[in-house]
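Shown next, in structure tokens, is the structure this report addresses.
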Amino acid sequence: MATFPLHDGPSAGFDAPFEMLEACHDRVERMLSLLERLRAHLEQRGGAVDDQARHAARDVMRYFDLAAPNHHEDEERHVFPALREQGEAALADRLQAEHAQMATAWYALKPTLAAVADGHWDAAVVPQWEAFVAMYRRHVADEDERAYPAAAAAIDDRCLVRMAEEMAHRRGLR
């Protein structure tokens, strides 16, 4: 029987904002993998929803309802403006548009997870889940490989401190 453990938060702190953003991407990957494992688990059980599946569905929903929007806002407030300063406006605009597309995809997908959390599974949602996973992974790869390095080059130490303070403040931390 598959297990779906809870996941710890990012290991980096707000004093290193780009490392924090990358740690959030690690958590995104864990949630996407959890969604894939949940699908496989449900398929192996012939669609029968057990407590493990319910908990996994709730974990994925909690992450994409709470943490993902904060992460996207961090990027839109700090990373994308820095990209634009580096002459990478097209990349910043595309990534920001993808945030909107991912939010739309999430709000379409969330009811399918809520159904699992309530004990119901419909295998017809598999393509939707797979598309969501693929879209997020492409986006994260572009940010890790292109956006973060370019933005980090545009942000001096003083701006990094302000970035870290603002990210922590929005989450109610000091």
Using alpha carbons only, how many degrees (0 to 90, rounded to 10) separate the axis of helix 126-142 from the longest principal axis of the chain?
20
Nearest-ten-degree value, helix 157-170 long axis tilted from longest Cα axis of the chain:
40
Contour excess over end-to-end distance, with Cα ends at ALA89 and ASP157 and 0.36 nm allotted per residue
22.2 nm
Using helices alone, I'd like the mean residue ellipticity at 222 nm for the chain: each DSSP H run of four-plus residues gives -39500 (n - 2.57), total over residue count, nearest 500.
-22500 deg cm²/dmol
Starting from the Cα of ARG77, step 7 Å toward the Cβ, then list every residue of the stretch 46-70 with an amide N under 17 Å from that point.
66-70
Treat each spin label as a single point 7 Å out from the Cα along the C-beta direction, and report the ALA115 to ALA48 distance in nm.
2.0
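Stick to the Cα atoms of the stretch 17-170, pair each with every other, and give me the Kirkwood hydrodynamic radius in Å at one decimal. Mind showing how you got there, number by number?
Values: mean 1/r = 0.0606 Å⁻¹.
Result for the stretch 17-170, one decimal place: 16.5 Å.
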The size of the Cβ-based charge dipole (Lys, Arg +1; Asp, Glu -1) of the chain about the Cα centre, to the nearest 20 debye, is 460
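Taken together, the values in this text are just the output of simple stated rules run on the coordinates, not laboratory data. Since this is a predicted model, take the numbers as computed values, not measurements. Reconstructed Cβ throughout: ideal geometry from the backbone, glycine too, with neighbour counts over all protein chains shown.
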